[in-house]
Amino acid sequence: MPLAQENERYIQLDSQKLGDDLISEYSQIYNEIFSVMESIVPVHTKSNNKNSFSPTTEKFDAHGISAGQDNIGHIILALLSFTQLKQSDPTYSGGLLLIDEIDATLYPAAQKNLLKVLLRKGNELNLQIVFTTHSSDLLNFLSSRNASNFKNSTNFVSLSNSLGIVTVNEGFSELTSLLADLNHEAMRTIKPKKINYYFEDSEACFFYKSIIDGVDFGCENNYKNLSISCGTYKSLIEKGFEEFFRNVVVLDGDFVAGFPQNQNNNVVFLPGNERPENVVKTFLETLPENDAFWDNQYQYTKRVFLSNLIGVLDNRESMKRWFNAQIEFWGNEGINLFSRWKESNPEEVQAVVERTNEITKRIMDNFYELSTNS
């Protein structure tokens, strides 16, 4: 209950006991949770039920705070206690924070912001944070793509007696089922409408898009260029990063020896044993001067190509600069060049298409979405 509703209470104006650093962090966390920019003064409050630091401003004192503000004050104080322990105790190794009904008295946006704070502070302070909730807003948030950063740091356990006995289910895949149970709704299965394709860079994206151009894999293709290295993709996949098991990761052919594609990953390798830029360079070097590719509106002939190669070093940076300087002469996103490459390399094109089809079918079969919408 809010402090103002307690029968016996007194307010101790002794906020400096927290120390300036902790007061500053208290204010920062409070503002982050409630999405405000206020000067917060945590005031020591004590009653028969509470001994805490309540958030106050120039507009309201501790008597004026809501139950939600009061609850957040307790949670912030618990986090600051761990911060102080970590700073003062050389043997500190982390801790356990238990929160019952974390959503109680908080509006939906504050609930989500609180979870983000707890994830960050849990990592910083090596805390295991256990909370209970019946909030469909929180559960919907955790099951959405917007909460993907929670998946590798969070586990989920649900208890249900909908079948007459208490059953325990674990894992994020159970969230949608639990939401249906909470709302007394039936579920229907919906195949994914969109699959994301992740690349190392734009050069790889252009190459791959041209290879699968015109192929229908049963859902919308969403291309994402995150400029992430092969090594980083490999590390995230090996650590079980869920996003890369629900979607497709396209890697350059020069990495194939270090990370073979198989049934346990969703990796597709581009053709060749080199970077896409080098594959393109080698291909153009093999085209005779009278090949139809060189007859184009840009007057980009074999001689122009060779001239533009002068001074280009065989390293990643130099080849990337060359590729991006030339692509405007190869059609929109290099389509004229890549189409010509496909004509000469049908077996490699077919291998990429078949691997992609294998992965997308596996995603459609195993990572279906559940909906309770009518």
Calculated FRET value between residue 109 and residue 58, using beta carbons and R₀ = 25 Å, to 0.05: 0.60
Lysine pairs meeting the criterion (Cα under 18 Å, 8 or more apart or interchain), as found in the range 3-154: 8
Lysine pairs within the range 190-374, Cα separation less than 22 Å, 8 or more sequence positions apart or different chains: 25
Nearest-20 debye value, the chain charge dipole, Cβ charges on Lys, Arg, Asp, Glu: 100
Mean-position separation - Cα centroids, the range 112-144 and the range 268-334, in angstrom: 49
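Computed from the coordinates by the stated procedures, all read-outs in this text should not be read as laboratory data. Please read all numbers here as calculations on a predicted model, not as lab measurements. Reconstructed Cβ throughout: ideal geometry from the backbone, glycine too, with neighbour counts over all protein chains shown.
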